[in-house]
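The values are calculated or read from the model by the stated rules, or taken from the named source; none is laboratory data. Everything quoted here is computed from the prediction, not taken from an experiment. Here the Cβ positions follow ideal geometry from the backbone for every residue, glycine too, while neighbour counts run over all protein chains shown.
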Amino acid sequence: MNVSHIHVARKPLIHITLPTYSRMWLVSIAALGGIVQSAFTDGGYSFLLALVAVATALVVELLVGTVHAKYTSMGDGSSIATALILTLMMPHTIHPAVLVLGVLFALLVVKQSFGGLGANWFNPALGGWLFSYLSWPHLFRDALIQSHLVKIQEGIGKGILDPGGSPLAVLKYMGFTTSSLDEGIVSFLNQTLFSRFDAELPRGYIDLLFYTGPGIIADRGALGLLLGTMLLLAFSVVRFLVPLVYLAVYLVLVRLYGALPFGGSFGGGDMLFALLSGGTILAAFIILSEPVTGTKSLMGALFVAFILGILSFVFTYPGGILFGPLYAMVVGVVFIPWVREMETILLYKKARRIP
Amino acid sequence: MKIYSFKKGGLVLEDPSTPPATESIAAFLPSIAVVPLIQHPGEAAVPLVSVGDRISEGMLIGRGKGSGSAHIHAPIPGRVIRKVTWTLADGRPTEGLVIRLEGAFTTLGHRKERYQWETMSPADLLRTFADKGLVEMEEPGKPLYDMVREATASQQPVIVVVRMVFDDPWLVADYVLCKEHVEEIIEGARILRKATKGSHIIFTISEEETALGTLFEQAAAPYKESISVVYVGARYPQRNRRELEIVLKQYEKVNNAPSSYHCIINPATAYAIYTGVVHNIPILERYVAVGGGAVKSPRVLRLRLGTTIGDAIAQCGGFVSRPARIATGSTMKGKYVQDLDEPITKTTVSVIALTEEQIGGEQTYACINCGECRRICPVGLDPERLYKYALLEKDEEARRYNVVDCHGCGCCEVVCPSRLPLSTVIRISIKRGAAK
């Protein structure tokens with residue numbers, strides 16, 4: 001490399017980490033895990049939505065590449081990852097046109113108008129989701145009206161409370177029954193595992209893991225998404241500590257105060273329910289760990305994870321927002337530039353000397 | 001056994017395509033040697049011979065010109081048949097003399113004489129360093145004369161530090177040299193201690209090489225000089241001057257030693273000092289690791305300077321697959337060679353024929369702010385920000401973020417998933433900023 005009279009040779013000569021496109025494909029595979037699980041129980045509609053989203057993303061990238069080749073990110077797979085993450089945030093019965101418009105907004109406005117991959121300050125998938133939700137709230141409401149989360153809210157509104165503070169119990173009062181699969185697996189686990197510790201797993205969690213009712217695709221594909229996140233952790237695409245801190249803060253708060261809205265007492269909250277619903281897994285492992293709109297340092301990331309864990313709880317439980325963790329991510333992303341500036345001042349700007 | 005190590009960043013490097021660290025093999029003598037007149041950071045040596053001249057082995061053929069420049073000697077006897085020029089990977093033009101092997105060797109195969117350096121004064125030793133064209137035997141090849149002058153001008157007690165820190169697998173040639181020439185390396189360090197009027201000699205050895213450390217401790221025991229073996233971490237870039245200074249200061253603090261100037265050399269330089277002063281022979285050959293995924297039988301060779309890289313690879317069985325790139329130095333701090341006719345020089349630590357798989361792809365992508373570069377940077381810099389400033393030529397802004405502290409270890413670049421030339425571009429920014 002030669003810049004006027006300055007002589008510098010390119011080095012080093014090897015690269016030892018996964019390239020950007022591999023990371024993007026791994027994120028896409030993780031997202032596909034949730035989508036495929038959801039598609040099994042809705043006649044493939046979730047998969048069709050994903051295909052529409054990906055096709056839209058490819059067309060956008062082709063167009064951007066035609067107009068301004070410099071800004072296209074066709075080769076790095078980031079647009080496809082964005083499209084699939086946005087699909088996960090959508091109700092599984094949403095009209096494909098809403099998703100198409102969401103992808104267009106995410107890629108053209110949130111991502112490309114700021115200069116493409118790496119230059120956007122807001123998470124494109126979150127941007128696309130917000131845009132779709134705020135533009136067509138009635139479509140979202142209609143799609144989710146029969147979902148377990150809405151039914152729980154309805155139940156609480158009607159004054160149905162459970163002394164144990166369990167949202168699953170409220171669901172039961174609202175007419176939801178557990179499936180035979182749940183019955184079988186929970187019975188088996190209780191007999192073989194939990195009985196050894198004098199404990200009993202309540203019915204309903206297996207149904208949450210294999211949720212087949214109306215909801216966002218991330219909740220309907222909780223197991224597939226969990227398996228996908230293992231892939232991300234195994235390949236170090238996601239720093240394990242960040243989602244761990246987020247989930248620990250969120251779930252501990254749920255444990256302590258999460259039973260109160262359902263008629264329970266302090267310390268009786270249902271952590272498993274919080275983990276498997278409201279887009280928590282998606283928020284923890286994919287959105288929170290998205291690097292472009294993330295912090296600069298691990299310390300900063302842990303700080304943000306801690307704050308967002310609190311916000312997720314506040315939005316979901318006292319706030320009564322269906323997808324509190326996803327809202328927390330929206331709020332968090334807005335504050336990230338400020339956190340980055342603080343990190344710069346505290347960690348990278350001061351003069352360093354050999355101790 | 002206390003291990004001294006720098007605190008943050010760095011990485012553990014492994015490479016299965018390096019030669020085995022068992023023994024060195026004497027390479028065939030080259031029939032044609034290409035001797036560059038620049039094997040140091042300063043100006044090119046002034047050629048003292050012309051095309052057609054007959055020259056003898058070890059004859060002075062290029063005179064160093066000022067600070068940063070060193071004498072060049074003929075590695076083989078023969079006739080100068082051509083002057084050639086070519087461009088190095090960093091864009092610098094260079095010229096060299098092509099020597100065809102003819103006549104008899106005057107040192108090779110002859111009994112080596114032994115000169116009593118103990119009676120020589122530091123000034124005499126310094127003159128000998130310059131006469132023999134001794135330089136630090138790795139990039140950038142700083143003349144030893146300049147290093148000693150800097151040490152003695154520091155007004156601090158001088159400690160000679162031999163860095164036997166093998167944090168990079170491509171330092172295997174140095175490792176084999178250390179195993180095969182323990183006495184000579186110690187004697188070279190003792191000579192340098194005398195030349196610098198130093199108070200102490202420290203052999204810094206990687207924590208994993210305790211057997212080597214024991215060898216040096218035992219071999220150094222009979223000498224009256226103060227000699228220590230200090231074990232340091234094996235995480236790259238422990239060997240860099242900054243990281244080595246950190247552990248040396250830790251060592252001084254633990255031992256209540258006064259703060260000192262560290263004259264740091266590598267074992268190949270200590271060996272060159274020994275050969276130059278004790279046997280009165282300039283640098284004519286060196287240990288070179290030849291390997292990489294594309295080389296059939298990676299080996300540590302004892303190669304005459306001027307041997308072409310193509311010949312060196314041929315002596316390792318040639319290629320087993322098409323190399324994507326060929327480089328000298330190491331995978332972290334080396335540089336690509338432009339063609340196989342480039343020669344082995346005083347600073348060639350290794351020759352590496354890299355496969356596409358080893359390189360790990362060179363297509364660059366947009367920065368995704370993954371933070372790998374910040375996590376790995378041993379200095380604690382923000383390479384992403386510095387890289388962006390460098391691209392925008394905001395060198396003054398980069399200085400505010402301590403860009404001058406970057407010592408170019410390349411850690412950020414090697415872990416960048418977007419394959420951005422972070423370290424390289426930041427180096428440009430530093431040089432450009434300094435030039436303004």
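Return the residues of segment A:260-293 that are crowded, with 24+ Cβ neighbours inside 10 Å, small (Gly, Ala, Ser) and not in a helix (DSSP H, G or I); say none if nothing qualifies.
Within segment A:260-293, A:GLY269, A:SER277, A:GLY278, A:GLY279 meet the criteria.
Would you be able to tell me the number of residues in segment B:392-405 that are touching a residue at least 24 places away in the same chain (Cβ under 8 Å) and either aromatic (Phe, Trp, Tyr) or under 16 Å from B:GLU372 (Cβ atoms) (or both)?
Qualifying residue count, segment B:392-405: 0.
Residue by residue through segment B:140-172, note down the ones that are touching a helix residue (DSSP H, G or I) at 6+ places or on another chain (Cβ under 8 Å) and of a type in the set (A, V, I, L, M, F, W, C).
B:LEU144, B:VAL148, B:ALA151, B:VAL158, B:ILE159, B:VAL160, B:VAL161, B:VAL162, B:MET164, B:VAL165, B:PHE166, listed by residue number.
Can you give me the number of residues within segment B:394-407 that are at positive phi and either of a type in the set (A, V, I, L, M, F, W, C) or at pLDDT 90 or above (or both)?
Number of matching residues: 0.
Within the bounds of segment A:152-163, is there any residue that is outside the structural domain of A:VAL27 (by TED's automatic domain parsing) and surrounded by 23 or more Cβ atoms within 10 Å (Cβ to Cβ)?
For segment A:152-163, residues outside the structural domain of A:VAL27 (by TED's automatic domain parsing) and surrounded by 23 or more Cβ atoms within 10 Å (Cβ to Cβ): present.
Tell me which residues, restricted to segment A:180-190, are within 11 Å of A:GLY204 (Cα to Cα) and either among the hydrophobic types (A, V, I, L, M, F, W, C) or buried (at least 16 other Cβ atoms within 10 Å of the Cβ) (or both).
A:LEU181, A:ASP182, A:ILE185, A:VAL186
Within segment B:66-123, which residues are under 24 Å from the mean Cα position of the chain (by Cα) and either acidic (Asp, Glu) or in a strand (DSSP E or B) (or both)?
Residues satisfying the conditions are B:ILE72, B:HIS73, B:THR85, B:TRP86, B:THR87, B:ASP90, B:PRO93, B:THR94, B:GLU95, B:GLY96, B:LEU97, B:VAL98.
Please go through (1) under 21 Å from the mean Cα position of the chain (by Cα); (2) within 14 Å of chain B (Cβ to nearest Cβ); (3) buried (at least 17 other Cβ atoms within 10 Å of the Cβ) for A:GLU61 and return the number of the only condition it doesn't satisfy.
Every condition holds for A:GLU61 apart from (1).
When you go through (1) surrounded by 14 or more Cβ atoms within 10 Å (Cβ to Cβ); (2) free of Cβ contacts under 8 Å to residues at least 40 places away in the same chain one by one for B:GLY109, which number turns out not to apply?
(1)
Among (1) more than 8 Å from every other protein chain (Cβ to nearest Cβ); (2) in contact with a helix residue (DSSP H, G or I) (Cβ under 6 Å, 6 or more places away or on another chain); (3) surrounded by 18 or more Cβ atoms within 10 Å (Cβ to Cβ), where does B:LEU340 come up short?
(3)
All but one of (1) more than 28 Å from B:VAL34 (Cβ to Cβ); (2) in contact with a His (Cβ under 9 Å, 6 or more places away or on another chain) hold for B:CYS377, so report the exception by its number.
The failed condition is (2).
Would you point out which residue out of B:VAL300, B:VAL351 is closer than 27 Å to B:LYS83 by Cα, surrounded by 20 or more Cβ atoms within 10 Å (Cβ to Cβ) and either at the interface with chain A (Cβ under 10 Å from one of its Cβ atoms) or aliphatic (A, V, I, L, M) (or both)?
After applying the criteria, what remains is B:VAL351.
Taking A:ILE321 and the conditions (1) hydrophobic (A, V, I, L, M, F, W, C); (2) away from chain B (no Cβ under 14 Å); (3) in a helix (DSSP H, G or I), which numbered condition does it fall short on, given that it satisfies the others?
Checking A:ILE321 against (1) hydrophobic (A, V, I, L, M, F, W, C); (2) away from chain B (no Cβ under 14 Å); (3) in a helix (DSSP H, G or I), the one that fails is (3).
Among the residues in segment B:317-334, are any surrounded by fewer than 24 Cβ atoms within 10 Å (Cβ to Cβ), farther than 28 Å from B:VAL12 by Cα and modelled with pLDDT of 90 or more?
Checked against the condition, which is being surrounded by fewer than 24 Cβ atoms within 10 Å (Cβ to Cβ), farther than 28 Å from B:VAL12 by Cα and modelled with pLDDT of 90 or more, segment B:317-334 yields at least one hit.
Output the helices (runs of 4 or more DSSP H) that fall wholly within segment B:135-212 and possess 1 or more residues being without any contact (Cβ under 8 Å) to a residue 40 or more places away in the chain, among the β-branched types (Val, Ile, Thr) and in the same structural domain as B:SER228 (by TED's automatic domain parsing), or say none.
Passing ranges, in order: B:182-196.
Within the group A:VAL98, A:VAL67, A:VAL59, which residue is among the β-branched types (Val, Ile, Thr) and touching a helix residue (DSSP H, G or I) at 6+ places or on another chain (Cβ under 6 Å)?
A:VAL98
Please tell me if A:PRO214 is touching a residue at least 40 places away in the same chain (Cβ under 8 Å), outside the structural domain of A:PHE40 (by TED's automatic domain parsing) and loosely packed, with under 14 Cβ neighbours inside 10 Å.
In short, no.
What is the one condition in (1) more than 8 Å from chain A (Cβ to nearest Cβ); (2) polar (S, T, N, Q); (3) in a loop (DSSP other than H, G, I, E, B) that B:SER429 does not satisfy?
So B:SER429 meets the others, but not (3).
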